[in-house]
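Quick notes on the structure that follows.
The values are calculated or read from the model by the stated rules, or taken from the named source; none is laboratory data. What you are looking at is a predicted structure, and each value in this text was computed from that prediction instead of being measured. No Cβ is skipped: glycine too gets one built from the backbone with ideal geometry, and neighbour counts run over all protein chains shown.
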Amino acid sequence: MKRIGIAGATGLVGESLLRLIEADAAGVEEVRLFASEHSAGRRLSLRGRELEVRALDPDGFAGLDVAFSCLEADLAARFVPRLAQHCPVIDKSSRFRLDPGVPLVVPEVNAGTLNGHANIIANPNCTTIPLCVALAPLCEHWEPVALNVASYQSVSGAGRAALEQLHYENEFLALGRAPEPGAGPLPGRIAGNLIPRIGALDRHGDAEEELKLRHETRKILGLPDLAVSATCVRVPVAVGHALAVHARFRTAVKPREACARLADAPGIKLSTDEETVTPVEAEGRDEVFVGRVRAGATPEELCLWIVTDNLRKGAALNALQIARLLAREVRCFC
């Protein structure tokens, strides 16, 4: 992985990815940055050098070893297949996640699905990733049949403009004034508030984020019949997504045995009730934190509290881990 390209480099996930590459840049010789015409010409720092952001052009990806697409779904639909003509593309949008010909990868869970990829690999949703990391070691020993999930998702998951809306509204509240309406992209005030819907509703009343969580979890875990009920809520937190999960398994599961499996699983940091992790502690960390592991209403039920930095493991870090797997695959065939 010597030559890297990032499409959408000026967004929150693109910048997080750049910082991760900077922190672990062994073997990286070239990084090309791309964004919209509006952001072209900006300069971003990498290892003491200033890199100019170019206007997005598929031909600019020629000769790269891997590309990261941090574009929205509509732009990804237009550009990712063209980028994939030059190199493997790890796409963070929702556009290709449920395509049966595109692997949807969480490296700790289903790295084997990368085999036979056609140069497009999908990076899952920022709530699906920590959920699957936490469930995978349990699925190896107990078969889940139903999940009931409530997510508490930070505003950075909606992008830079949403984060600016939170800061703007907080300034008004600090002055004892009500924030002016329509200050950002979120469908209502977020400071001192929460919004119990993320994305448009379908005819059944399910929001886009809830459908992503359901269908992506089934695909990643290889459980097409898994019943998944979710309520996804936007909360006034800058960074860090949290999930309250009630999982029901086919057979009885003891919390102590579940904790033993979680403690040994890759990518997980198990916390005790006395040190339960919140988004504040998870920010800037790579782990998926799991705590409050306890019995549910029946012997087959287990309750979990899951927290992760949505810009890191929830997006950029997961994509970088996929790229490392691809680099290892290339070396294996050299």
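Considering region 102-182, the qualifying helices (runs of 4 or more DSSP H), each wholly inside and each with 1 or more residues that are in the same structural domain as Ile220 (by TED's automatic domain parsing), run over 128-139.
Whether a residue is among the basic types (Lys, Arg) and either assigned by TED's automatic domain parsing to the domain that holds Asp24 or under 24 Å from Leu17 (Cα atoms) (or both) was assessed, and Lys219 does not pass this test. In region 237-258, the qualifying residues are those that are of a type in the set (Val, Ile, Thr) and either farther than 30 Å from Arg160 by Cβ or part of a strand (DSSP E or B) (or both), and the one that is nearest to the chain's Cα centre (by Cα) is Val245. Tell me, yes or no, whether region 150-161 has at least one residue that is more than 26 Å from Ile121 (Cα to Cα), free of Cβ contacts under 8 Å to residues at least 60 places away in the same chain and either surrounded by fewer than 19 Cβ atoms within 10 Å (Cβ to Cβ) or of a type in the set (Ser, Thr, Tyr) (or both). The answer is yes; a qualifying residue exists. Among the residues of region 188-236, those that are in a helix (DSSP H, G or I) and among the aliphatic types (A, V, I, L, M) comprise Leu211, Leu213, Ile220, Leu221.
Could you tell me whether any residue of region 17-38 is of a type outside the set (A, V, I, L, M, F, W, C) and crowded, with 22+ Cβ neighbours inside 10 Å? No. Restricted to region 262-289, and to residues that are farther than 18 Å from Ser154 by Cβ and in a strand (DSSP E or B), which residue is nearest to the chain's Cα centre (by Cα)? Within region 262-289, the match that is nearest to the chain's Cα centre (by Cα) is Ile268. Residues of region 60-67 include none that is modelled with pLDDT of 95 or more, among the acidic types (Asp, Glu) and out of contact with any strand residue (DSSP E or B) (no Cβ under 7 Å at 6 or more places or on another chain). Considering region 290-334, and only residues there that are assigned to a loop (DSSP other than H, G, I, E, B) and modelled with pLDDT under 95, the residue that is farthest from Thr127 (Cα to Cα) turns out to be Cys334. Out of all the residues in region 32-47, is one or more modelled with pLDDT of 95 or more, farther than 26 Å from Lys212 by Cα, in a helix (DSSP H, G or I) and of a type in the set (Phe, Trp, Tyr)? For region 32-47, residues modelled with pLDDT of 95 or more, farther than 26 Å from Lys212 by Cα, in a helix (DSSP H, G or I) and of a type in the set (Phe, Trp, Tyr): absent. If the condition is being surrounded by fewer than 16 Cβ atoms within 10 Å (Cβ to Cβ), under 19 Å from Thr127 (Cα atoms) and in contact (Cβ under 8 Å) with a residue 40 or more places away in the chain, then region 255-283 contributes Pro266, Val280. Yes or no: region 1-12 includes at least one residue that is surrounded by 13 or more Cβ atoms within 10 Å (Cβ to Cβ), of a type in the set (S, T, N, Q) and part of a loop (DSSP other than H, G, I, E, B). Yes.
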